[in-house]
Amino acid sequence: TVMISTSRMLIVFVMVFAVSAINVNVTRDSCGGNCPGGCDSCPCGTSSSSQSISSWCSKYSGWSQSSCECIMKHESGGNANAVNQNVGGSYDVGLWQINSANWASCSGGGAPCNPSTNLGCAKKVFAWGGNTWKLWSTCTVCGVCGSK
């Protein structure tokens, strides 16, 4: 009888574990491809919005066009609705992947998915970094952390 109880407990444990794993996969959404790593929500929706990287980078003369293009290419690939959910739960959204910690200071608290709003936020974050790209994690890949 003890053997049967242990077997039943093991089966119940395996079933609970399997259901938990299924629930985790169901709640993490790719947001229609906008959040390839999976997100708990889709702040920029579920359809992509392909934008011209060079056109958006040229809208601000305070940074190097080539540096901006490299950053945006690696951050969003030009998808204005690109989203990344970070380990701590914060979100990066839009062309320049503006972190949710900055939304209150640059977009009234909402996700800056609109390219013009995202540009305004990017200009502020760029200024907070001493007019450099050092506040973007992709600055290392682009070799532009200390430059405009």
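The values are calculated or read from the model by the stated rules, or taken from the named source; none is laboratory data. As the structure is a prediction and not an experimental result, all values here were calculated from the model. What goes into the accessible areas is simple: the full protein's heavy atoms, side chains included, and nothing from ligands, DNA or RNA. Shrake-Rupley method; radii C 1.70, N 1.55, O 1.52, S 1.80 Å.
Computed quantities for the displayed model
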| read-out | value |
| --- | --- |
| Cα-derived Rg to Rh of the stretch 30-148, Kirkwood definition | 0.93 |
| Fraction of accessible area attributable to carbon and sulfur, the stretch 97-148 (%, probe 1.4 Å) | 52 percent |
| Residue-level accessible surface for K59, protein heavy atoms, 1.4 Å, Å² | 120 Å² |
| Amide hydrogen neighbours beyond the local backbone of I98, cut-off 5 Å, H modeled | V93 |
| For the stretch 34-136: accessible area per residue (Å², 1.4 Å) | 43 Å² |
| From phi via Karplus (6.51, -1.76, 1.60), per-residue ³J(HN,Hα) for the stretch 69-77 in Hz, x at Gly/Pro | 4, 5, 4, 5, 4, 7, 7, 10, x |
